[in-house]
Amino acid sequence: MHEKRVSTTIKVPKGLYGVIVTQTQIAKSSVDGSLVYRGYSINELAEKASFEEVAFLIMKGHLPKKSELDEFSKALQQNREIPEPVLQLVNHLPQDSHPMDVLRTAVSSLGTLESTLSNEQKQLSIASKMPSLATLSYPHTRSNVKKADYSNYSSFFLEMLSSRKPDSFESWIFERVLMLYLEHDLNASSFTVRVVASTQADVYAAITAGVCALKGPLHGGANEDVAKVLNSLPTAEAARTFVRETLAKGLKVPGFGHRIYKKVDPRAQICKTLLKRLLNHKGLTEELYEKCVAMEEEMWNQKRLPANLDFYAAPIFMVLNIPIPLYTPIFAASRVFGWIAHYNEQLLDNKIIRPDAEYVGPQNLKYTPIEER
């Protein structure tokens with residue numbers, strides 16, 4: 001006998017905009033242009049902390065003591081190696097496969113090989129391996145995976161991505177960007193992870209779903225588009241013209257606007273400063289920086305839309321000689337720590353996420369035999 005359904009449905013805006021669907025202690029972005037990780041300002045963390053410290057904070061809920069950080073960093077290093085079956089699978093995929101498709105397949109396949117591990121071991125494994133899996137997703141960097149020898153998470157990752165040994169300042173800059181991508185409360189991919197977690201699927205299933213959600217250009221692909229645009233613009237004035245002409249055609253300019261931040265994205269402003277420091281460090285002209293500023297100013301004048309993280313992360317990746325197809329996999333390799341935190345938080349007080357939908361289709365249609373249609 002079916003249980004009688006009580007009508008308690010509530011209509012909400014499309015995209016769940018402004019709707020609180022859960023409680024979290026992980027992170028919070030605010031319309032005033034602030035972002036906190038477990039109560040700590042992202043501005044302070046980005047200037048003072050290491051990536052491993054922030055990853056530990058997000059996953060465990062507190063900043064680590066030295067012994068905890070040493071143990072965590074060592075565990076990340078010791079679990080980097082990619083199983084041979086995953087390497088073989090990746091090498092059998094078409095060479096022109098989208099890197100996010102390759103990453104999705106690799107993450108999913110890893111789950112089939114590590115099904116007997118404990119939940120904690122699974123989470124540590126996938127977090128440790130994501131830089132290598134991201135690098136494997138692009139054929140031109142695939143051979144770098146077994147060559148990098150840095151112990152630091154970000155330096156190890158950057159060496160694989162850029163096919164060279166970065167200096168300490170380059171690694172420091174890249175580490176800041178990874179921190180900024182690490183977590184951002186209930187974004188599309190993190191919400192997807194929580195939906196999958198709510199079914200009590202394992203962490204590999206949830207992370208695979210997160211990777212799938214991140215592939216979409218409205219969530220994770222904008223940094224690649226920003227790089228392509230910047231490469232096509234010779235001057236700051238050309239950048240301003242591009243913005244005006246693109247908007248006049250009713251098209252979107254990549255790297256601008258955000259669901260939460262209406263005036264300023266704090267992560268973008270941190271990256272803006274990092275970009276200038278990186279250019280100065282490498283003795284390069286500020287032409288790239290000036291193009292970015294010109295686009296940012298023109299977008300604000302025309303549409304009152306602020307630059308988001310993707311807009312200023314892209315030129316940093318460009319200066320670091322990272323291939324454009326790897327920009328979104330980098331996002332995933334950082335955000336995996338946030339996804340794991342959301343996975344665990346969902347299971348602490350779990351109820352399957354199953355919203356309702358208002359049916360607006362036809363009613364009372366009668367079946368007709370196929371020969372009469």
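The values are calculated or read from the model by the stated rules, or taken from the named source; none is laboratory data. Please read these numbers as outputs of a predicted model, since none were measured by experiment. All Cβ positions, even for glycine, are placed from backbone atoms using ideal geometry, and neighbour counts span all protein chains on display.
Quick notes
For every residue, the table says whether it meets (1) under 14 Å from SER334 (Cβ atoms); (2) outside any helix (DSSP H, G or I); (3) at pLDDT 95 or above.
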| position | (1), (2), (3) |
| --- | --- |
| VAL107 | no, no, yes |
| THR116 | no, yes, no |
| ALA134 | yes, no, yes |
| TYR150 | no, yes, no |
| LYS165 | no, yes, no |
| PHE174 | yes, no, yes |
| VAL195 | no, no, yes |
| GLN200 | no, yes, yes |
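- Residue count, region 2-46 (criterion: at pLDDT below 85 and at positive phi): 2
- Residues being touching a residue at least 60 places away in the same chain (Cβ under 8 Å) and either part of a helix (DSSP H, G or I) or farther than 16 Å from HIS184 by Cβ (or both) - total across region 210-224: 8
- Verdict on GLU52 being part of a helix (DSSP H, G or I), loosely packed, with under 14 Cβ neighbours inside 10 Å and under 21 Å from the mean Cα position of the chain (by Cα): no
- Residues considered: LEU284, LEU251, LEU279. Of these, the only one that is within 15 Å of MET318 (Cβ to Cβ), in the same structural domain as ALA313 (by TED's automatic domain parsing) and assigned to a loop (DSSP other than H, G, I, E, B) is LEU284.
- Qualifying positions in region 225-245 - in a helix (DSSP H, G or I) and crowded, with 17+ Cβ neighbours inside 10 Å: ASP225, VAL226, ALA227, VAL229, LEU230, ALA236, ALA239, ARG240, PHE242, VAL243
- Within region 90-111, the set of residues being more than 13 Å from LEU136 (Cβ to Cβ) and either touching a Cys at 6+ places or on another chain (Cβ under 7 Å) or without any contact (Cβ under 8 Å) to a residue 24 or more places away in the chain (or both) comprises PRO94, ASP96.
- Just one residue in the set LEU16, LEU57, LEU89 is surrounded by 11 or more Cβ atoms within 10 Å (Cβ to Cβ), in contact with a Ser or Thr (Cβ under 6 Å, 6 or more places away or on another chain) and not hydroxyl-bearing (Ser, Thr, Tyr); that residue is LEU89.
- Within region 259-299, no residue satisfies the criterion of being among the aromatic types (Phe, Trp, Tyr), at pLDDT 95 or above and touching a strand residue (DSSP E or B) at 6+ places or on another chain (Cβ under 8 Å).
Every residue, every condition in (1) touching a Leu at 6+ places or on another chain (Cβ under 6 Å); (2) in contact (Cβ under 8 Å) with a residue 60 or more places away in the chain; (3) over 26 Å from GLY33 (Cβ atoms); (4) polar (S, T, N, Q), yes or no:
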{"residue": "LYS276", "(1), (2), (3), (4)": "no, no, no, no"}
{"residue": "LEU288", "(1), (2), (3), (4)": "no, no, no, no"}
{"residue": "PHE317", "(1), (2), (3), (4)": "no, yes, no, no"}
{"residue": "ILE353", "(1), (2), (3), (4)": "no, yes, yes, no"}
{"residue": "ALA357", "(1), (2), (3), (4)": "no, no, yes, no"}
{"residue": "GLY361", "(1), (2), (3), (4)": "no, no, yes, no"}
{"residue": "ASN364", "(1), (2), (3), (4)": "no, no, yes, yes"}
{"residue": "TYR367", "(1), (2), (3), (4)": "no, no, yes, no"}
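- In region 206-232, the residues that are over 30 Å from ILE340 (Cβ atoms) and either small (Gly, Ala, Ser) or over 26 Å from the mean Cα position of the chain (by Cα) (or both): SER232
- For the criterion of being of a type in the set (S, T, N, Q), in contact with a Ser or Thr (Cβ under 9 Å, 6 or more places away or on another chain) and touching a residue at least 24 places away in the same chain (Cβ under 8 Å), SER73 passes.
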